[in-house]
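The values are calculated or read from the model by the stated rules, or taken from the named source; none is laboratory data. What you see is a predicted model; the values in this text were computed from it and never measured. Note that we place each Cβ from the backbone using ideal geometry, even for glycine, and neighbour counts take in every protein chain shown.
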Amino acid sequence: MSTQPSARRSAAEQVRFESAIRRLTEEQIAFNQVLGMKLHEFSGPNGTVCRFEMRPELVGHYVYGRLHGGVTSAVLDATAGIALMVAIGEKFTHETAEQVMHRFAKMGTIDMRIDYLRPGLGQHFYAQAIVTRLGGRIGSTQMRLVNDQGTLIATGAGAYVIA
């Protein structure tokens, strides 16, 4: 029994997919706007990467000006979700951007662990997420948060319902 490889979406459709992911990340999810998240890299050697600037609204320790732990957790969670969306888009390359975007309606975090390694100090931060497993119903990720100097601030692991 031979299986036919899936047809890849066209370059124009891929651009539509990436634009839809960027729009969802940066404009349609209001909490991501509060955090100031910007999609920096879709799926390069560092996985999916989001960037955000340190702002007074994100400070958790007013004396030292450190990033709030909840911000760290939320950004890593959101970045992991985006990484899974990109991976799902790669799994279903025969579907249009619109078809793939509908697959995300039921996505949600089911488990997440964050290890806070150093104080969240910096001018800006990069959240990185790599998909470690993409099953039919569950996806798993590994995440990292680094500051503008490349100092590792936190790591995480998450599990997400994807179907």
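Among residues of segment 3-45 being over 25 Å from Val146 (Cβ atoms) and of a type in the set (S, T, N, Q), the one that is surrounded by the most Cβ atoms within 10 Å (Cβ to Cβ) is Gln14. What do you reckon, is Gln149 out of contact with any strand residue (DSSP E or B) (no Cβ under 9 Å at 6 or more places or on another chain), closer than 19 Å to Met54 by Cα, at pLDDT 95 or above and exposed (fewer than 15 other Cβ atoms within 10 Å of the Cβ)? Considered against the rule, which asks whether it is out of contact with any strand residue (DSSP E or B) (no Cβ under 9 Å at 6 or more places or on another chain), closer than 19 Å to Met54 by Cα, at pLDDT 95 or above and exposed (fewer than 15 other Cβ atoms within 10 Å of the Cβ), Gln149 comes out as yes.
Are any of the residues in segment 83-95 modelled with pLDDT under 95 and of a type in the set (Ser, Thr, Tyr)? Within segment 83-95 (the criterion being modelled with pLDDT under 95 and of a type in the set (Ser, Thr, Tyr)), the answer is yes, since at least one residue qualifies. Ala87 passes every criterion in (1) part of a strand (DSSP E or B); (2) more than 24 Å from Asn147 (Cα to Cα) apart from (1).
I'm checking my understanding of the structure. Among residues of segment 77-136 that are of a type in the set (Phe, Trp, Tyr) and within 16 Å of the chain's Cα centre (by Cα), which one is nearest to Tyr62 (Cα to Cα)? Of everything passing the filter in segment 77-136, Phe125 is nearest to Tyr62 (Cα to Cα). For segment 70-93, the criterion of a residue being in contact with a Lys or Arg (Cβ under 6 Å, 6 or more places away or on another chain) and small (Gly, Ala, Ser) is satisfied by no position.
Scanning segment 92-113 for residues that are closer than 16 Å to Ala129 by Cβ, out of contact with any helix residue (DSSP H, G or I) (no Cβ under 9 Å at 6 or more places or on another chain) and not aliphatic (A, V, I, L, M) yields Asp111, Arg113. Applying the condition of being of a type in the set (D, E, K, R) and within 17 Å of Gly156 (Cα to Cα) to segment 46-96 and asking which residue is surrounded by the most Cβ atoms within 10 Å (Cβ to Cβ) yields Asp77. The residue pairs whose first member lies in segment 74-96 and is under 13 Å from Ser43 (Cα atoms), whose second member is in a helix (DSSP H, G or I), and whose beta carbons are closer than 6 Å, counting only pairs six or more residues apart or on different chains, are Ile82/Thr25; Met85/Ile21; Met85/Phe104; Ile88/Arg103; Gly89/Phe17; Gly89/Val100.
Comparison of Glu26, Glu13, Glu57, Glu41 shows that the only residue that is in contact (Cβ under 8 Å) with a residue 40 or more places away in the chain, of a type in the set (Asp, Glu) and either touching a helix residue (DSSP H, G or I) at 6+ places or on another chain (Cβ under 9 Å) or not in a loop (DSSP other than H, G, I, E, B) (or both) is Glu13.
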